Amino acid sequence: MNAAGATTVVVAVLTYRRPQLLRGLLLRLAEQLAELDSDCAASILVVDNDPDGSARAEVARHQAVRYQHEVRPGIAAARNRALDAASDADLLVFIDDDETPQPGWLAALISTWRRTAAAGVAGKVVPDYAAPPPDWITAGRFFVRATRATGTPVPAAGAGNLLLDLNQVRAAGLRFDESFGLAGGEDTLFTRMMTRSGLALVWCEEAKAADLVPAQRMSRRWVLTRAFSHGNAHARVELRLNPGLRTRIELAALGMSRAAGGVARAAFGMLTRSMVHRARGMRAGYRGAGIIAGAAGAQFHEYTRSAAGRFRRRASRSASDQVVVLQSFPGRAPVGNPYRVLLVEGLTGAGGVTVVHFDWRTALLGRYDVFHVHWPETLLGARTPVRKLVRQLQFALLLLRLRLARIPVVRTVHNLELPQGISRREALLLRLAQRAETVRVRLNSSTDVAGDTPVHTVLHGHYRDWFADHPQRPAIPGRLVFFGLVRRYKGVEALVRAFRQTAGPADSAATGATPAGMAAGIGAEQLSLQVVGNPSTAELADSIRAAAGGDRRIQLDFDFVTDADLVAAVTAAELVVLPYREMHNSAGVLTALSLDRPVLVPDNLVNRRLADEVGPGWVHRYQGALTGAALTAALAELRSDPPTAPPNLDQRDWVVGGGQHRLAYLDALARAGRGRS
């Protein structure tokens, strides 16, 4: 109190480059001060956090308003400057430059302080929409604050409408933590420290300040980003108050619970077409994701001013700069198809791309420009139901992070349809992932990719170099070979049944098969079939054995094969047969052609164009169901008109594909608003 016994009050306005809003607020505050009784000696303080001092001229228009210039960036530094400037006052009242105090606001705060003798009094902030909010925003209650009875103790509060008893605050040695300056949450930490030290913090429902909500804030992206920020700040405050591994684990569990519940509620809202459930579920999901990120040590800079961005993203760069791409597969050597290794070699060989391999920490918290996904279903699987649920939750959080950070998604369309046998939850997540795609890459020009998402064509590369070091075998006349992972859609059972139709009289008597296809002039004794690969299930292996029916000409090598064994088996074939029910992009076809072995495949547009590309004699085709006659006819055609030159695979160099992928990445960045100049 001053010498006359009046309570000294400083109303502090924190401002940053909002001179028009500041002008209106100072007029309203003058009215608030005039309403106070003679027991209060009140003044106004403006703390300008703009390094250029943009508020100085406006403050100069008001002789009774003091001006403080805080050049250090961050709202916490500005709040501490206000504490220091009000060092002789009894009370300090914070209000932000985009808020408008309602009638009786200041008097209500002071009256509640007098009745309760609390160290802090928190007033209510109500939204002041610049335009009618969208229904989705209203349904999600994104700008609605809680209602409490005046005098109710609260554990923490924001500082946008807050009275502090400076005598109690100074005695407790409290200040705002400036490491929270650009991230926010400094007010929550401050008030938590107050109540933790035994000081009282109470609510005042009558002390209302209207918070301006401009049109640009009434978007899904803005409100969900804010939800993520609040969750992130909550976690960091808890870790500052209770540092240690146990707190991190508890926060991670809390965040996962919130995120999972939010995702489930949003999904329920989508299924039931409930806007309320969808909006509030997404809000909870983003807040949970922010808590998880904070538990892991990531800090979201809500008030950042740097070009690096809230997640310290790099600013727009020229086309010659490196693009950091997170691939959806790990860095360990693959088992089987070497596509992943050759893709990375092509990307690095072409230049301009830095490849980052997938792990969940990097995906959720790391820095990268583009996410390139290949087989998204592999990110959802796990050996146990609990681990699978965790993977699905992580996948949902990844989708949230990608959307929040505006990281474009590029998907290579290896398969046109969703996988078979997945759960409804997995199907929902995969469809959400498809909606997040910015650009798609197809592996041949014939693929008809549905939807409006932009498409780039990058031809599937060859495997000549990959298998070059393994010795090849001479082709065995009449040898047919199938190789690769044995799955039902690859038609191996149909191949075995068709092959049995080529049996001669002796074989027919032994196996019960009906002779067919002998019109081509190829005797059954000349034919053999080898199936090389690991069946996806034991049931499938048993059904293929049953289809073989003891035919001595059929060799079933059901096991994983090394590259050397694969080369030996493929090069021993006179003809490789790949009877996939729907052939879209086949690494098997390119493997056979890379080893200079002709193939028999279903007749479709993809395979017809491939035949034209690689040259005559290499790609043989059959129509309809595979039969023994089709097998012998293909062999007869191959023998009567064999290839005269190796297959032309010049368009399928991996370095060429690497450059084409980079163009797709740059296109995705531009479409996501993060393009290169």
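The values are calculated or read from the model by the stated rules, or taken from the named source; none is laboratory data. All values reported here derive from a predicted model rather than from experimental measurement. Counting neighbours? That spans all protein chains shown, and the Cβs are built from the backbone with ideal geometry, glycine included.
Numbers at a glance
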quantity: Residue within region 139-153 that is of a type in the set (D, E, K, R), over 41 Å from the mean Cα position of the chain (by Cα) and in a loop (DSSP other than H, G, I, E, B) present; calculated: no
quantity: Boolean, residue 480 is in the same structural domain as residue 539 (by TED's automatic domain parsing), in a helix (DSSP H, G or I) and at pLDDT 95 or above; calculated: no
quantity: Residues within region 126-140 that are of a type in the set (D, E, K, R) and under 21 Å from residue 100 (Cβ atoms), tallied; calculated: 1
quantity: Residues that are polar (S, T, N, Q) and crowded, with 20+ Cβ neighbours inside 10 Å, drawn from region 551-584; calculated: 571
quantity: Verdict on residue 623 being over 38 Å from the mean Cα position of the chain (by Cα) and surrounded by fewer than 17 Cβ atoms within 10 Å (Cβ to Cβ); calculated: yes
quantity: Residue that is surrounded by the fewest Cβ atoms within 10 Å (Cβ to Cβ) [pool: residues in region 537-550 that are assigned to a helix (DSSP H, G or I) and either more than 41 Å from the chain's Cα centre (by Cα) or at positive phi (or both)]; calculated: 546
quantity: Among the residues listed as 185, 198, 173, the single one being under 33 Å from the mean Cα position of the chain (by Cα), assigned by TED's automatic domain parsing to the domain that holds residue 71 and either without any contact (Cβ under 8 Å) to a residue 24 or more places away in the chain or over 19 Å from residue 91 (Cα atoms) (or both); calculated: 185
quantity: Unmet criterion (only one of (1) surrounded by 19 or more Cβ atoms within 10 Å (Cβ to Cβ); (2) modelled with pLDDT under 75) for residue 294; calculated: (2)
quantity: Filter result (of a type in the set (A, V, I, L, M) and under 18 Å from residue 37 (Cβ atoms)) within region 85-118; calculated: 89, 91, 93, 106, 107, 108, 109, 110
quantity: Selection status of residue 131, assigned by TED's automatic domain parsing to the domain that holds residue 94, in a loop (DSSP other than H, G, I, E, B) and within 23 Å of residue 287 (Cβ to Cβ); calculated: no
quantity: Condition met for residue 669 (modelled with pLDDT of 90 or more, aliphatic (A, V, I, L, M), surrounded by fewer than 18 Cβ atoms within 10 Å (Cβ to Cβ) and out of contact with any Leu (no Cβ under 8 Å at 6 or more places or on another chain)); calculated: no
quantity: Residues being hydrophobic (A, V, I, L, M, F, W, C) and touching a Ser or Thr at 6+ places or on another chain (Cβ under 9 Å) - total across region 408-433; calculated: 4
quantity: Residue in region 52-65 that is of a type in the set (Val, Ile, Thr) and surrounded by fewer than 21 Cβ atoms within 10 Å (Cβ to Cβ) present; calculated: yes
quantity: Candidates 404, 365 - the one that is over 28 Å from residue 485 (Cα atoms), loosely packed, with under 15 Cβ neighbours inside 10 Å and not assigned by TED's automatic domain parsing to the domain that holds residue 560; calculated: 365
quantity: Helices (runs of 4 or more DSSP H) within region 169-283 that include 1 or more residues among the small types (Gly, Ala, Ser); calculated: 220-241, 245-272
quantity: Residue within region 110-124 that is closer than 27 Å to residue 80 by Cβ and polar (S, T, N, Q) present; calculated: yes
quantity: Residue 599 being surrounded by 15 or more Cβ atoms within 10 Å (Cβ to Cβ) and touching a strand residue (DSSP E or B) at 6+ places or on another chain (Cβ under 9 Å); calculated: yes
quantity: In region 88-104, the residues that are within 15 Å of residue 122 (Cα to Cα) and either of a type in the set (Gly, Ala, Ser) or not in a loop (DSSP other than H, G, I, E, B) (or both); calculated: 91, 92, 93, 94, 95, 96, 99, 101, 104
quantity: Qualifying residues in region 210-229 (those that are without any contact (Cβ under 8 Å) to a residue 24 or more places away in the chain and within 19 Å of residue 145 (Cβ to Cβ)) - the one surrounded by the most Cβ atoms within 10 Å (Cβ to Cβ); calculated: 217
quantity: Scope region 193-207; condition buried (at least 20 other Cβ atoms within 10 Å of the Cβ) and touching a strand residue (DSSP E or B) at 6+ places or on another chain (Cβ under 7 Å); matching residues; calculated: 194, 201, 202, 203, 204, 207
quantity: Helices (runs of 4 or more DSSP H) enclosed by region 559-677 - at least 2 residues per element that are in contact with an Asp or Glu (Cβ under 8 Å, 6 or more places away or on another chain) and outside the structural domain of residue 530 (by TED's automatic domain parsing); calculated: 654-671
quantity: Tally of residues being free of Cβ contacts under 8 Å to residues at least 24 places away in the same chain and more than 21 Å from residue 452 (Cα to Cα) across region 623-677; calculated: 6
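Residue-by-condition table, conditions (1) touching a Phe, Trp or Tyr at 6+ places or on another chain (Cβ under 9 Å); (2) of a type outside the set (Val, Ile, Thr); (3) loosely packed, with under 14 Cβ neighbours inside 10 Å:
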{"residue": "110", "(1), (2), (3)": "no, no, no"}
{"residue": "122", "(1), (2), (3)": "yes, yes, no"}
{"residue": "128", "(1), (2), (3)": "no, yes, no"}
{"residue": "133", "(1), (2), (3)": "yes, yes, no"}
{"residue": "137", "(1), (2), (3)": "yes, no, no"}
{"residue": "149", "(1), (2), (3)": "yes, yes, yes"}
